[in-house]
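Worksheet for the structure shown next.
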Amino acid sequence: MSPTTAARAAARSRRRALSTLFAAAGLDAGTTAATSMHRPGKPAADTRLAHPDSSAALVLSGPPPANAWLGRATFGCTANDLAAFNALGANDAARWTAWVTQQLSPATIADGACDARVASANFQALNLSPNQLWTTHHSDTSNYAHRMLPVAEVECMTIIRQTYSQRQLFEVMVDFWHDHFSVFGWDYDGGPLFPAFDALFRDTSAGKGVFGNFKSLLMEVGKSASMMYMLDLYSSTASGPNENYARELCELHALGAINYAGVVEPDQLTGQYSLPTGTAADGGAIRLQYVDNDIYQVTSALSGWTISGSTWPYTAIDNQPLGAYAFDNNAHYKYQLFFLNRYIPANNGQTAGVDVFNWLAAHPGVATFIATKMCRRLVGDNPTPTLVSNVASVFLQNYAAPNQLQLTTQAILTSPEFLATWGQKMKRPGVALVGALRALGADFTPVPDLDNPNPLYRTNTWTTSDAVMYALQSAGHRPFYWPAPNGYPDVQTAWASTGTLGMTLRMLGQIVETTQDRNVGGSPYLADVQGQTLAAIPVAGDRTAANVAGLWCDRILGYRPANVYNAATDFMRQNALATDVLDLTTDAWDVNHLSKHYTKSRLRSMIALILCSPEFLTR
Amino acid sequence: MTLPALHRRDFLKGCCAATLAGGAARSYGAFDSATSTTQDTLVVVFLRGAMDGLSLVSPGQSHPDRANYEANRDATRIPYSGNGAGLPIGNTNWQLHPRAGVLNTLYAQGHLGIVLGAGQLQPQTVVRSHFEAQANLESGIGGGAGSGIGWLTRHLVSASLPANVAVPAVSMGSITAQSLLGSTEAITMASGQDFRLDQSNWPWNSSDHYDPVPAGFKGLVEALPAMWQNSPLPLAAAGLSTLDALALFRSIDFSLYTAGNTGGYQPSGGANYAPSAGTIGSTFGAQLRNIAQLIKRDVGLRIATVDLGGWDTHNGQGKPTDGYDYFGNQVQGLSEALNAFYTDLATDVNGNYMQRVSVVTVSEFGRRVLENSSGGTDHGFGTVMLALGGSVNGGQIFGTFPGLANEQLFEGADVNVTTDYRRVLAEAISARLGNGNIGYVFPGYTGYSPMGLFQSSTLADTVFKGGFE
């Protein structure tokens, strides 16, 4: 039977079996358990704009609570993480409280090993000031690789820190806020200045960064060169306004499209003023929904917010260093403005824009919008209204607090919903990749390689770092590569689609086989899984398929779900018994005794099998 | 059929999100599901970098704008006579770039239509940045890309596809085209060979590495389905359909047939997708070949996107009489690959697939009329769109060329836009793909009427039945 016929036959029998499975589970399988990419009941598009009714959290049996919680608050719970966690208290509840408290103050967590690894990569641009990035990289118009080195380095540093940092919750939230304030990192103008943008999220000083104050973060992001270039704010002037940033500030960064009231013509003055108002966190009244006219007002308020040196004649503006934020009063709209029923006086200079940021951050709708997104990231695709409301309250009450986002994050992680939920999120490809690196104890320090023929900078070969980044790109989740300002999707619909899931499975198979230097024969694997297996099962007589499969299910998943454990055991044992001893030290051709056929390779493929399970991809 | 035009704001407000979410009954902004559907395929070729339409199609000798053209173009001029002369297009006074001979033949055969003065009429302040203009074009909402949903995604959502379609869309390239952003029905792949599980180690990857297959052998690929089938998790259903799609693609050999590789794909009619020596587009040609192969496999392909870059000719654009003509190499690469695609699909033994395949080229903008001092051209506005297919009303030039006199130029510098690019794409999806929901696919685009570029598909046109498992 040819592979094609066999595949089709298998598909038919699988469909019958799957229908039975669904029927037993009481789930609606549609007309058939179809295999098509387009089929009834399957959303055709990423539905993030929709706000479906939240259902009660469906609790599925999964890993132990510690693994489930750590699995969502980190990039992957390793055996070391678990050991450290268990030492934090007498029971899971106490341990979790302690862990969360600790992780919410990342500056107090020693991270020497990760810092050393970052240092070993010898990045050049990460700690440069905006002005240094401007003069060293942005001004380089002849050497593209050198020009874009800053974003290439941020990309690599991000993977390193996600994989190795002890400040895992911090890394999870940095990832979240990058998606929220999404910037395409490889923009020709914004890319060279990207480290300064990334630094806004990674700032651990009081009131700053992902555990700081939202109002502060919102405005700092608006003033960053990378965001200015992404959404054209740097070129928006009173005489030539550009509403791109203003629109996305309202729609994506702060209020959300859900708070948009539509096109309400300004000449229907009663129109927008008849919309409901509420009380903002600053105590004043504020209109709850925004209209188009608000966007134009914001555009005017923010005119003149620019980057020194970014516009003709490309000299410093307001004596600010080139590449740094500058306010150009000559380009600023001078007349009075009205935003969300609030009044901005004329000739208010930079304060007009500051008012916009302050009022947005105090808006009750913003609290709900941000809370929803954070809950969606940490708990499940459809967070309950109760949870969202509670978290929004914390956000709003702490509107002025320097640790507003710390408290908001804490509220989610300590909520009963978070603790009771598992299986409502899918790992996005980047999380799956880093999770695999962590679970396999990989040794991987990606460095940029922009195929620059100039030997002074980089090599002109396809390196391991290239291959890994490309695999992640093919899965659709390369860091800072989403082209639109709304950021990578955060719902299963997007990532479980055939295209991305297929390439994610491909990527996971690849990472197990990836070596330190793909251009050198015999280069060691990133993850020495053979060595780890031999060390974990020191007695040769214990190296059975069952034990090996069990070991890696524990390490990768934290438990042994029947489907994965059985599949892994069967794959590892082939024609032997699950309890037969395997020789894990050979790679020899033996197709007549498949349990002896390329056993070292089979171990790696068994691990790939576990990584390619729905249980690994669920969190 | 006309529907209430949707303002972009309304679309973003979420009225369409409900329908995106799978059919919630909201009348406001809902699209009409009763439109008949076809099995046609639309291939959108994005010429990235801003293609100089004025060089692809230039005024011929007797054209009233020839003098203006020559006044503005010297180092990049296409002559009308002698060595490197443009090819007269039919009996018009336009000429096609001399390296596009095969396209001229397709034009003469009535399979190629040319639209002049095409481009993005919105947003009103013209966007000069490649990235942003490309995003605007592919987002299809008249400016801005914040929604993260591409125009082709909206088409697929509203196209009333039959209940089950194996592979509705492919995006050729390593990242999903923005026109398909947000779609869950597209496979993104740089080549057909990419969409398969082939990265684990050789001995245990899959049984198809062995001939004969050892008794009882089950590789990683064979072991995955049972593991997913036996999982209680919600993700399992998605995984199974993914594994089926992977199996489908695995069963297809996307490599090129040669004497030493007889399992590969053999294009019909001797079509050769490989670029001629000195020209460009080997990846482009291979990707078109993959698309053709998928069309012939009847996987239900409705949409394919593919890119051809290298059009940003600020320096050294070249002209036909140069020893090295960069732009000419681009044109020949594009032309020959499109011609190979046409031949391959039109001459297949199973029939003329090109009767239900249409190719449309887009580019984010054109190039400035007055060339610069570096032998090139800078960013412009209006450009040329091509439509190729067996159901195209070819052999005609469409649109109103706005003229090259100074007062006719946009901002005194660029070829103006007289045909909104959405007009061409809207006609493609309504006339050929049977989707009349123009206001949904292109919110904010008003006043649409067809140019007559495409023949209207009728259900009787379905020569080929779509085959589904």
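The values are calculated or read from the model by the stated rules, or taken from the named source; none is laboratory data. Note that this is a predicted model, so its numbers are computed, not measured. Glycine also receives a Cβ, built like all others from the backbone with ideal geometry; neighbour counts cover every protein chain displayed.
Brief remarks on what is shown
- When the range B:405-433 is filtered for residues that are surrounded by fewer than 23 Cβ atoms within 10 Å (Cβ to Cβ), hydrophobic (A, V, I, L, M, F, W, C) and farther than 22 Å from B:ARG128 by Cβ, only B:ALA405 remains.
- Taken together, A:VAL431, A:VAL394 contain a single residue that is more than 10 Å from every other protein chain (Cβ to nearest Cβ), closer than 30 Å to B:PRO168 by Cα and not in a loop (DSSP other than H, G, I, E, B), which is A:VAL431.
- Members of the range B:378-401 that are touching a Phe, Trp or Tyr at 6+ places or on another chain (Cβ under 9 Å), under 23 Å from B:GLN134 (Cβ atoms) and not hydrophobic (A, V, I, L, M, F, W, C): B:HIS379, B:GLY380, B:GLY382, B:THR383
- Residues being farther than 27 Å from B:ASP74 by Cβ, out of contact with any Ser or Thr (no Cβ under 9 Å at 6 or more places or on another chain) and buried (at least 19 other Cβ atoms within 10 Å of the Cβ) are represented in the range B:372-395 by at least one member.
- B:ALA236 passes every criterion in (1) part of a helix (DSSP H, G or I); (2) more than 7 Å from chain A (Cβ to nearest Cβ) apart from (2).
- Which listed residue is of a type in the set (S, T, N, Q) and under 25 Å from A:PRO402 (Cα atoms), from A:THR315, A:THR311, A:THR368: A:THR368
- Of all residues in the range B:219-233 being more than 7 Å from every other protein chain (Cβ to nearest Cβ) and more than 27 Å from A:VAL491 (Cα to Cα), the one that is surrounded by the most Cβ atoms within 10 Å (Cβ to Cβ): B:GLY219
- Taking the range A:399-428 as the range and being out of contact with any Leu (no Cβ under 8 Å at 6 or more places or on another chain), in a helix (DSSP H, G or I) and either surrounded by 24 or more Cβ atoms within 10 Å (Cβ to Cβ) or touching a residue at least 60 places away in the same chain (Cβ under 8 Å) (or both) as the test, the residues that pass are A:GLN404, A:THR408, A:LEU419, A:ALA420.
- In the range A:580-619, the residue that is surrounded by the fewest Cβ atoms within 10 Å (Cβ to Cβ) out of those that are facing chain B (nearest Cβ under 9 Å), free of Cβ contacts under 8 Å to residues at least 40 places away in the same chain and aliphatic (A, V, I, L, M) is A:VAL591.
- Restricting A:ASN566, A:ASN547, A:ASN575 to those that are part of a loop (DSSP other than H, G, I, E, B) and out of contact with any strand residue (DSSP E or B) (no Cβ under 7 Å at 6 or more places or on another chain) reduces the list to A:ASN575.
- Residue satisfying all of: in the range A:563-577; more than 7 Å from chain B (Cβ to nearest Cβ) and either basic (Lys, Arg) or surrounded by fewer than 16 Cβ atoms within 10 Å (Cβ to Cβ) (or both); farthest from A:SER605 (Cα to Cα) among these: A:LEU577
- Every listed requirement among (1) assigned to a helix (DSSP H, G or I); (2) more than 11 Å from every other protein chain (Cβ to nearest Cβ) is met by A:MET503 save one, (2).
- Selected residue (criterion: nearest to B:LEU181 (Cα to Cα)) from residues of the range B:297-317 that are surrounded by fewer than 21 Cβ atoms within 10 Å (Cβ to Cβ) and of a type outside the set (Asp, Glu): B:GLY309
- Listed by first and then second residue, the pairs with beta-carbon distance under 9 Å, at least 6 apart or on different chains, first residue in the range B:149-170 and more than 24 Å from A:TYR488 (Cβ to Cβ) and within 8 Å of another protein chain (Cβ to nearest Cβ), second at pLDDT below 95 and assigned to a helix (DSSP H, G or I), are B:ALA166/B:ASP244; B:ALA166/B:ALA245; B:ALA166/B:LEU248.
- Filtered by the rule that a residue be among the β-branched types (Val, Ile, Thr) and within 24 Å of B:ASN136 (Cα to Cα), the range B:325-370 gives B:VAL359, B:VAL360, B:THR361, B:VAL362, B:VAL369.
- Any hit, the range B:198-211, residues being buried (at least 23 other Cβ atoms within 10 Å of the Cβ), facing another protein chain (nearest Cβ under 7 Å) and either at pLDDT 95 or above or on the phi < 0 side of the Ramachandran plot (or both): yes
- Helices (runs of 4 or more DSSP H) enclosed by the range A:167-224 - at least 1 residues per element that are surrounded by fewer than 24 Cβ atoms within 10 Å (Cβ to Cβ) and β-branched (Val, Ile, Thr): A:168-180, A:214-223
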